[in-house]
Structures are given as C-alpha cells and as structure tokens.
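As structure tokens, the structure follows; a few thoughts come after it.
The values are calculated or read from the model by the stated rules, or taken from the named source; none is laboratory data. Keep in mind that what you see is a predicted model, and the values were worked out from it rather than measured. Here the Cβ positions follow ideal geometry from the backbone for every residue, glycine too, while neighbour counts run over all protein chains shown. Each accessible area value is taken on the protein alone, full model and side chains, heavy atoms only, with ligands, DNA and RNA left out. Shrake-Rupley method; radii C 1.70, N 1.55, O 1.52, S 1.80 Å.
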Amino acid sequence: QAYEIHVQEHAIDILANSEVGFFYAVQSLKQMNGSQIRCGSVADEPDLEVRGFMLDISRNKVPTLDTIYEVIDIMASIKMNHLQLYVEGFSFEYKSFSQYLENESYITVEEYKQIEAYANKRYIDLVPNQNGFGHMADWLAQDEFKDLAESPDGIFLWGTKRKPSTLDPSDPRSLELIKIMYEDMIPHANSKFFNMNFDEPFELGKGKSKDICEKKGVGQVYMDYTKKAYDVIKTYNKTPMIWGDVLINHDDVLDQIPKDMIFIDWGYDAGYPFQKNLLTLKEAGIPFMAAPGTSSWCSFLGRTDDAIKTVDEAVTYTRQYGGLGILMTDWGDFGHLQFLSTTIPMLVYSGLKSYRDSGDTFKQLQPYLNRYVFKDDANLIAHVLLDAGNYYHYERGYVGNGTHAFHCFMWAINALKEADDDQLNYFKEKMKDKVLSYDQFMHLTYFLTLKSRQASDSKASNLVKAEIEHSIKFVQALLKVNLSLNEAVNKSIREQNLNEVLALETHFLEELSRLWLARNKQSGLKKSQDLIVKFMRFTKKLLGGIYEA
C-alpha cells in the first residue's frame with residue numbers, strides 16, 4: 001500500500017509496488033490544487049493494514065446503492081480498505097427464506113455483487129457480515145424458528161421486557177439454521193473474511209442452556225457453539241471474525257480461540273479499556289482488531305468527544321500491540337433515526353487517523369470535511385456537525401452509549417408497555433436523574449438553535465442541511481418533554497412546551513419520510529415513524545398528567 005510521489009518542475013512521478021499504491025498516490029494528488037503542489041518528494045504508507053467501516057443495514061434502514069456508493073467514495077478518498085454491511089434479520093436476500101423477505105427491505109444478491117465490484121475497484125474489501133447467535137429476534141419471531149430461542153418468553157433487560165433474541169446453543173437445529181444462512185450468503189462474497197458477529201447473546205445461560213452453562217460455564221458453552229460455527233465457515237475458505245464482548249470476559253477460554261480467528265474488541269464510550277483488552281489479546285497471541293464507533297446512534301446528533309476518544313485509543317493501542325487494524329462502526333439502534341450526515345464526520349476521522357496518525361488529525365478533520373466531503377465554501381458545516389455532536393455535555397451528567405435526550409425518547413416509548421396507570425410513574429422514575437433545570441434547558445436550546453442557523457448559512461447540500469436541522473429540532477422537542485418533569489418550572493410553561501411538541505408530530509413524520517427516502521429504501525420507515533407516533537402518544541398522556549396535577 002506504500003507509494004512515493006516525486007514532484008519536479010515539469011513532471012510528477014509516482015512509484016509503487018502495487019496498483020493500490022498507485023491508487024492511493026492519486027487520491028493524495030487529487031486533494032492538492034496547483035498552489036499546494038511544490039517540487040519535492042513524499043514517501044507514504046499506512047500505519048494500520050486494515051482501516052474498516054461497518055454500516056448497520058438491519059435496524060429498519062437499508063441504504064440505496066447510491067448511498068452505499070457515496071460511502072465507498074468517501075472511504076476511498078481517505079484510503080480506507082475494508083467495508084462491512086451489518087446483517088441481522090432479513091436485510092439480505094436469503095434465497096432459502098424468501099417467504100420472509102419484504103419488498104424494499106433488503107440488499108439483493110445482485111446488489112451485493114454490484115456493491116462488491118464498486119468497492120473492489122477502489123481497493124476496498126467488501127466483507128460479508130451476518131449474525132447467528134444473539135441479535136436473532138427477527139428470526140425467532142417467526143413460527144418456524146420460535147422453539148430455537150434460548151428464552152422463548154424473552155428477557156427483562158435495561159428496564160423493559162425484550163423479545164427473544166438469542167439462539168439456544170444446545171439445540172443442534174440452531175447450528176443447522178445458520179448453516180443455511182451461511183450457504184445463502186458466503187458463496188456470493190469474494191472477500192477472504194467473514195464476520196460471524198456472535199455478540200450480545202443476552203439470554204445465554206438464563207433459559208434452556210442454564211443447566212449446561214452451570215455445569216460447563218457460560219464461556220465454555222459460548223466457545224463450544226462458536227467453534228462449531230467456525231468449522232462451517234472454514235469450509236468456505238474464509239477467515240472468521242468475531243465480536244469480543246463475551247470472550248473478553250472469559251479468560252478461561254481465550255486459549256481455545258482458533259489461531260486464525262480475528263477477535264474484534266469493541267467499545268463506544270471514552271472510558272472503554274482498549275489498552276487493557278488489546279494487551280491481553282496480544283499476550284494471548286490472538287489476532288485482533290479494535291472497533292470504535294461513530295456514536296451517531298442513541299443520540300440523534302452524535303457524541304463527538306466520545307467518538308474521537310474511542311478512535312484515538314483504538315488506533316493507538318492497535319498499532320502499539322500489533323493488531324490488524326480498526327473497524328469503525330455505525331449502528332442503527334432504536335429505529336436508526338440518525339442521518340448519514342451525522343455519521344460521516346467520525347467515519348472520516350477514523351480513516352484519517354488509522355491511515356497516518358500525525359498527532360494533529362483532529363485539526364485536519366474540519367477543513368477536510370468542508371472542502372472534500374460537504375463542499376462547503378462557507379466553512380461552516382463541519383463545525384456545526386462536530387459542535388452539535390457535543391450537545392450531551394450540556395445535559396445533566398454523563399450517560400454511556402447514548403444521551404439523556406435519547407433516553408427521554410426511549411423511556412417514553414417503553415412506558416407505553418406498562419399498565420395504563422403506571423406509565424407516568426415509570427417514565428418519571430427512569431428520568432428522575434436526568435431532568436433539566438430551566439437554565440440548562442435554555443442554554444441547550446440556545447446552543448442548538450445557533451447550530452441550526454449556522455447549518456442554514458453553510459454551502460452544503462440542501463439534503464445535509466435539512467438532515468441537521470431536522471435532528472436539532474427533534475432533540476429540542478425532547479428537551480421540552482424533559483423540562484415538563486421539572487415541577488419547579490411554571491406549569492403554564494411546561495404545558496406550552498408539550499403542546500408545541502405535539503403540534504410537530506405531522507411535521508416530524510413527513511420530514512423523516514422525505515429525508516429517509518432520499519438515501520434509503522422504503523424498508524423500515526413505517527416502523528421508525530411508529531416510534532415517533534408512540535412518543536407523541538405518551539407526550540399527550542404526560543400533558544394530561546400536568547393538567548390533572
């Protein structure tokens with residue numbers, strides 16, 4: 001991947017040992033204009049072998065080919081070389097399970113091949129990705145597979161009842177199911193890698209496998225099932241990748257990990273112990289990658305500082321301990337309501353940082369985004385995105401993997417699952433440590449309004465500006481709902497705020513639809529809109545509670 005550029009008075013010479021080296025040299029030249037090119041020589045090569053990005057296409061939002069091509073073009077321009085499209089449920093065209101596929105809700109085999117060709121032409125490896133242990137809720141919701149659930153009744157987790165999502169590893173039919181899934185996907189991919197995922201099997205050891213887990217240990221039961229899937233994957237001559245959230249907590253089985261399986265350690269908060277975990281993997285002789293996150297999910301506008309920190313630590317300690325590279329992640333939790341414009345800044349930062357860590361990468365980020373990505377001659381939009389992504393610092397305290405504004409949205413919707421008389425108390429209990437003071441509310445509202453005005457003044461595309469303005473308006477609505485819980489604030493102000501939120505329901509639904517369809521297939525739009533409808537239904541109940549009080 002290395003190259004040299006030699007600029008002479010009347011010629012530019014490029015030296016490289018491979019096509020990708022020449023391609024990377026051209027990317028560098030394209031980012032220079034005439035006034036920047038000086039006679040001299042540059043020798044360049046990446047710090048990390050693999051510089052990857054994983055985009056969630058399975059939580060309601062399935063991007064169009066044009067959107068994926070746009071992401072690939074951005075990746076190619078910053079010399080990233082590895083792309084995964086995260087699959088759970090039915091977001092890929094499983095030929096063996098066509099009866100469960102819904103129109104406009106999946107990537108077809110033909111589209112996958114087109115994406116792969118487009119990526120490969122730009123020296124990006126499209127790596128197949130498919131879950132097969134946890135995150136199987138959509139499969140287990142089908143009558144055909146219900147009895148494969150570890151806990152058929154689901155599990156109470158994070159303050160709410162969750163549907164079954166984990167396969168029973170002790171049932172041989174679980175392995176038979178994923179064998180068919182593998183056969184439907186893996187042969188269509190040219191990459192030498194395959195991400196089997198296997199993260200967050202929340203119910204493991206709490207249902208049908210409880211007895212065997214108590215006898216052998218949760219880590220051993222997990223490893224036994226993993227090795228069976230590993231053996232299947234190896235028949236396709238692929239190198240398996242696996243998320244590390246389970247195994248990193250079971251030192252007693254780390255030595256059983258196959259020596260060619262790539263362990264991906266993920267963390268999305270500033271305090272995540274990449275240094276400790278990656279050193280453990282190095283000492284155990286386990287090939288590894290580190291996965292930071294864009295933190296766009298569970299926030300609507302991102303969490304800039306946390307994302308920057310996770311990228312910095314992931315890159316630093318992957319390089320220090322001899323890891324393969326990084327895999328930047330972008331998830332779609334709880335309706336995938338964030339937009340691509342929120343994801344792009346941290347995608348670009350991870351690419352710049354993992355290619356060559358010059359020590360001042362963050363200083364390069366804003367001008368790079370404005371000039372080469374958003375084409376904003378006003379030099380505003382990158383500042384807006386990075387700044388707005390720090391709104392959570394104005395909230396009442398820190399919350400991991402999300403923001404208080406997002407929690408307001410989530411707990412309001414989850415409250416509707418409770419008995420009618422308990423819904424308000426449930427919401428108030430969940431939000432009691434997150435309620436804003438009036439001054440905090442005013443500061444946050446002013447800050448976000450300023451960011452919205454700056455976005456409007458930028459020269460970025462109308463789509464990008466609309467995505468930002470919609471996200472800001474939605475967060476401001478959540479702040480108004482939050483403030484309604486502060487009984488020290490005048491009752492009429494709280495009532496007015498809630499009425500203003502309710503008046504925006506149609507606007508939010510219509511604007512979400514317009515912006516969604518500009519980049520994505522129809523797919524899960526209705527499901528995500530339904531979350532907004534439920535939120536408004538609860539807001540109406542909250543307003544009634546204020547009137548009654």
Which of (1) in contact with a Pro (Cβ under 7 Å, 6 or more places away or on another chain); (2) of a type outside the set (Ser, Thr, Tyr); (3) at negative phi is the odd one out, the single condition ILE155 does not satisfy? (1)
Within the range 11-28, identify whether any single residue is assigned to a loop (DSSP other than H, G, I, E, B), surrounded by 17 or more Cβ atoms within 10 Å (Cβ to Cβ) and polar (S, T, N, Q), and answer yes or no. no
What about GLY351, is it assigned to a loop (DSSP other than H, G, I, E, B), in contact (Cβ under 8 Å) with a residue 12 or more places away in the chain, under 26 Å from LEU515 (Cβ atoms) and open to solvent by less than 10 Å² (accessible area, probe 1.4 Å)? no
Residues of the range 397-413 satisfying the condition of being open to solvent by 30 Å² or more (accessible area, probe 1.4 Å) and aliphatic (A, V, I, L, M): MET410
Determine whether the range 363-376 contains at least one residue that is closer than 28 Å to LEU65 by Cβ, modelled with pLDDT of 95 or more, within 17 Å of the chain's Cα centre (by Cα) and in a helix (DSSP H, G or I). no
Please name all residue pairs, on different chains or six or more residues apart, with Cβ atoms under 7 Å, provided the first residue is in the range 308-334 and is of a type in the set (Lys, Arg) and the second residue is open to solvent by less than 20 Å² (accessible area, probe 1.4 Å) and part of a loop (DSSP other than H, G, I, E, B). ARG319/LEU48
Test: LEU83 is closer than 15 Å to LEU204 by Cβ and open to solvent by less than 50 Å² (accessible area, probe 1.4 Å): no
Counting only residues in the range 167-185 that are open to solvent by 10 Å² or more (accessible area, probe 1.4 Å), assigned to a helix (DSSP H, G or I) and of a type outside the set (A, V, I, L, M), the one nearest to ASP147 (Cα to Cα) is identified as ARG173
Please find, within the range 22-67, the residue that is farthest from the chain's Cα centre (by Cα) out of those that are closer than 30 Å to ILE5 by Cβ and of a type in the set (Val, Ile, Thr). ILE37
Restricting the range 125-138 to residues that are crowded, with 23+ Cβ neighbours inside 10 Å and among the aliphatic types (A, V, I, L, M), which is farthest from MET196 (Cα to Cα)? LEU126
Which of (1) within 30 Å of ALA412 (Cα to Cα); (2) open to solvent by less than 10 Å² (accessible area, probe 1.4 Å); (3) polar (S, T, N, Q) does SER191 not meet, given it meets every other one? (1)
For the range 214-243, pairs from a residue that is touching a residue at least 60 places away in the same chain (Cβ under 8 Å) to a residue that is of a type in the set (S, T, N, Q) and open to solvent by less than 40 Å² (accessible area, probe 1.4 Å), with Cβ under 7 Å and 6 or more apart or across chains, are MET241/ASN195
Assuming SER523 fulfils every condition listed in (1) modelled with pLDDT under 95; (2) crowded, with 19+ Cβ neighbours inside 10 Å; (3) out of contact with any Ser or Thr (no Cβ under 8 Å at 6 or more places or on another chain); (4) of a type outside the set (A, V, I, L, M) apart from one, which condition is it? (3)
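Quick one: which residue in VAL435, VAL384 is at negative phi, among the hydrophobic types (A, V, I, L, M, F, W, C) and part of a loop (DSSP other than H, G, I, E, B)? Even if it seems obvious, please write down each step before you answer.
Values: VAL384 fails: part of a loop (DSSP other than H, G, I, E, B).
The match here is VAL435.
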Scanning the range 357-374 for residues that are surrounded by 14 or more Cβ atoms within 10 Å (Cβ to Cβ) and not hydrophobic (A, V, I, L, M, F, W, C) gives ASP357, THR361, GLN364, GLN366, TYR368, ASN370, ARG371, TYR372
Pull up the range 139-162, narrow it to residues that are assigned to a strand (DSSP E or B) and touching a strand residue (DSSP E or B) at 6+ places or on another chain (Cβ under 8 Å), then point me to the one that is surrounded by the most Cβ atoms within 10 Å (Cβ to Cβ). ALA149
Would you confirm whether or not the range 219-232 contains a residue that is out of contact with any Asp or Glu (no Cβ under 8 Å at 6 or more places or on another chain), closer than 23 Å to SER96 by Cβ and of a type in the set (Asp, Glu)? yes
Can you confirm whether the range 319-328 contains a residue that is surrounded by fewer than 24 Cβ atoms within 10 Å (Cβ to Cβ), part of a helix (DSSP H, G or I) and touching an Asp or Glu at 6+ places or on another chain (Cβ under 8 Å)? yes
Can you list the helices (runs of 4 or more DSSP H) found entirely within the range 442-549 that contain at least 2 residues being touching a residue at least 60 places away in the same chain (Cβ under 8 Å) and more than 27 Å from the chain's Cα centre (by Cα)? 525-548
Scope the range 86-121; condition open to solvent by 50 Å² or more (accessible area, probe 1.4 Å) and assigned to a loop (DSSP other than H, G, I, E, B); matching residues: GLU102, ASN103, GLU104
Could you go through the range 431-441 and let me know if any residue there is of a type in the set (Asp, Glu) and out of contact with any Leu (no Cβ under 8 Å at 6 or more places or on another chain). yes
